[in-house]
Amino acid sequence: MILKQSSSRGRRLIDYRIFLPSLLIIIAISIPFSIYESESLNLLNTIFDKIVDVFSWGYIWYALILVAAGLYFSFSKYGKVVLGNPNEKPRFTMFEYASILIAMGVGSTIMRTGMVQWTQVALDPPFGARPESQEALLWGNAYSMFLWSFQVFAIFVMAAPAMAYIIHVKKRPLMRISEACRCIFGDKFTDGIGGKVLDILFLVSILSGAAVTLGLGTPIITYNVSALLNIEVTFGLTMIITIIWVFLFSVSAYLGIEKGIKRLSTFNMYVAGGLAIFILVAGPGIFILDYFTDTVGHLLQHYLQLSFYTDSLAMETTTHVQSHMIFWFAYSATWAMLHSIFAAKISKGRTVKEMILTYLLAPTMLSWIATGVLGGFGVERYLTGKVPVLDIVEGNDPMNAIPEILLSLPWASIAIIAFVFVSMIFLTTTLDSTTYTIAAYTSKRDMSKQEPSRKLRIIVAAIITTLALILMQIGGLAPLEVISGLMGIPIIAIQFLTIYAAKKMMDEDKAWVYNVRE
């Protein structure tokens with residue numbers, strides 16, 4: 001009898017109608033592409049390059065339209081709509097709320113981008129600048145800041161109003177894309193195969209993206225641990241680091257938002273701030289502050305120029321900025337719904353304006369500071385000849401340069417340990433937020449009243465980890481990374497549907513009249 005009850009609870013735990021098909025699709029994609037990695041990667045890159053070549057203008061306009069939509073929702077009558085009971089206080093303080101959004105929105109990628117992204121641009125600069133010149137170095141860090149600016153965070157947040165509205169205002173039990181689009185397509189589509197297709201599409205993109213993030217985030221740690229301990233980067237080292245990571249984000253996801261994700265996110269803000277101060281004091285602090293000032297000025301002066309950059313007159317060639325920027329927007333689109341669903345879940349009691357502007361401004365500010373400090377440090381080491389950064393990067397994985405730059409500091413071991421720690425916590429907060437969101441999305445519990453079960457969060461964490469480790473072992477992450485980028489294309493269409501759905505629901509309810517603070 002007890003076994004039957006346990007089995008029944010397990011069946012009620014997760015919606016297998018969307019979870020199993022998504023998992024089977026990921027496995028079906030991963031196995032043949034991993035076995036025939038070289039051929040499949042060539043095929044996928046050809047497809048992706050063709051899409052970028054034909055539709056690069058579309059990605060640029062897509063990101064800009066989302067920024068415009070975010071500003072419209074924030075400063076129109078919709079901005080004052082409260083996502084929940086207008087008489088209740090927000091779930092988190094503004095600092096806690098911003099810290100959680102930063103940890104989810106930025107993640108460990110900012111550590112790699114901030115430290116070495118400028119090198120790629122310095123070697124292949126845009127707008128006719130000479131490679132490795134002073135102008136190229138300015139473009140390098142300015143572009144690193146541009147990557148973590150308003151466009152990418154608009155991509156991340158603009159499906160959140162609809163998702164937050166159905167959970168906190170409509171009190172719908174399921175936190176899913178299909179549920180947000182019910183007001184557009186009706187009950188028959190949402191409850192039928194059409195709704196299942198939308199939900200499966202979301203899960204496939206997020207499961208693959210999570211595995212890729214774990215796989216690509218690991219080298220940020222392994223290269224620095226290798227340099228610190230003077231050992232080789234092996235799969236064994238990668239597995240040990242991955243297991244430690246898995247333990248951290250599994251525990252955080254298990255504890256939930258209040259005890260796990262919130263505490264880890266706010267704690268990491270202090271640690272990251274401490275690392276920045278250490279680099280400024282122990283390193284070339286005056287140069288970093290001067291270079292940061294120059295970079296921000298250069299970015300602001302050329303922000304629109306970068307935002308509309310397609311390099312159309314080059315015809316036969318393209319620069320790193322043009323090709324990478326389109327990939328960045330495409331890859332960000334893959335993660336758009338995940339970020340929006342998580343932002344929706346934690347935004348109870350916030351207004352639409354507070355949610356959108358916090359996501360646009362807080363991660364942007366943190367990213368610019370991180371890029372200014374880390375990028376400025378690397379550029380100074382290159383200019384003074386203390387570290388031949390561009391020589392290390394040219395023809396090699398840019399990750400190789402990170403420990404070399406850190407080793408040039410006094411108390412280098414402390415610097416590397418702090419860098420590894422911050423990177424690990426950033427990735428942990430990204431992955432536990434991902435695990436939590438996937439569990440909430442696939443759960444059959446009422447998400448307007450409850451949290452996803454702890455058992456389900458651990459199951460999701462185990463699946464993501466297993467998939468990442470298998471793909472790392474057989475070298476299959478590269479095809480999955482490109483597939484993850486390709487998955488952003490249908491997500492874009494879904495994203496615009498949710499934006500329309502948010503407006504439609506608030507119009508039907510006259511939410512700007514009845515669901516606002518007095």
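The values are calculated or read from the model by the stated rules, or taken from the named source; none is laboratory data. Keep in mind the model is a prediction, meaning the values are calculated, not measured. Here Cβ is always computed from backbone atoms with ideal geometry, including for glycine, and neighbour counts include all displayed protein chains. Heavy atoms of the whole protein, side chains included, go into the accessibility calculation; ligands, DNA and RNA do not. Shrake-Rupley method; radii C 1.70, N 1.55, O 1.52, S 1.80 Å.
Accessible surface area normalised per residue over region 42-88 is 51 Å², counting heavy atoms of protein chains with a 1.4 Å rolling probe.
Step through the table entries 89/196; 80/444; 262/353; 80/171; 50/345, compare each Cα-Cα distance with 29 Å, and write down the pairs that go over it.
Too far apart for the 29 Å limit: 89/196; 80/444; 50/345.
Count Lys and Arg as plus one, Asp and Glu as minus one, and take only other residues whose Cβ is under 13 Å from that of residue 177; the net charge is then +2. Counting only protein heavy atoms and a 1.4 Å probe, region 298-347 has 37 square angstrom of accessible area per residue. Charge tally around residue 116: other residues with Cβ under 11 Å, Lys/Arg +1 each, Asp/Glu -1 each, net -1. For region 67-160, GluC sites (Glu not before Pro) meeting the loop criterion (DSSP other than H, G, I, E, B) and having at most 12 other Cβ atoms within 10 Å: 88. Computed in the context of the full set of protein chains, the accessible area of the chain at 1.4 Å probe radius has 64% of its extent on carbon or sulfur. Site pair residue 277 and residue 384 shows an inter-label distance of 2.2 nm when each label is modelled 7 Å from Cα along Cα→Cβ.
Here's how it looks for residue 14: its modeled amide H is under 5 Å from those of 444, which are all 5 or more places away or on a different chain.
Under 17 Å of direct C-alpha separation, and excluding same-chain neighbours fewer than eight residues apart, residue 188 reaches these aspartates and glutamates: 179, 199. Modelled this way, with points 7 Å down the Cα-to-C-beta line, the labels at residue 365 and residue 244 are 3.2 nm from one another.
Our compactness index for region 37-155, the C-alpha radius of gyration over the empirical 2.2 N^0.38 Å, is 1.45.
Report the full-extension gain for the segment residue 94 to residue 458: residue separation times 0.36 nm, less the Cα-Cα distance, to one decimal in nm. Between residue 94 and residue 458, full extension yields 128.2 nm more.
Accessible surface computed residue by residue for region 142-189, with neighbouring protein chains in place and a 1.4 Å probe, gives 24 Å² per residue. Here the alpha carbons of the chain define both size measures, Rg and Dmax, at 22.5, 75 Å. Rounded to the nearest 500, the helix-only mean residue ellipticity at 222 nm of the chain stands at -26000 deg cm²/dmol, with each DSSP H run of n ≥ 4 adding -39,500 (n - 2.57). Structural descriptor for region 120-238: relative contact order 11 percent, calculated from alpha carbon pairs under 8 angstrom and at least 6 residues apart. Gyration tensor over the Cα atoms of region 103-172: the corresponding equivalent ellipsoid has semi-axes (square roots of 5 times the eigenvalues, largest first) of 37, 12, 6 Å.
Each part reduced to its alpha carbon centroid, region 96-115 and region 308-356 end up 14 Å apart.
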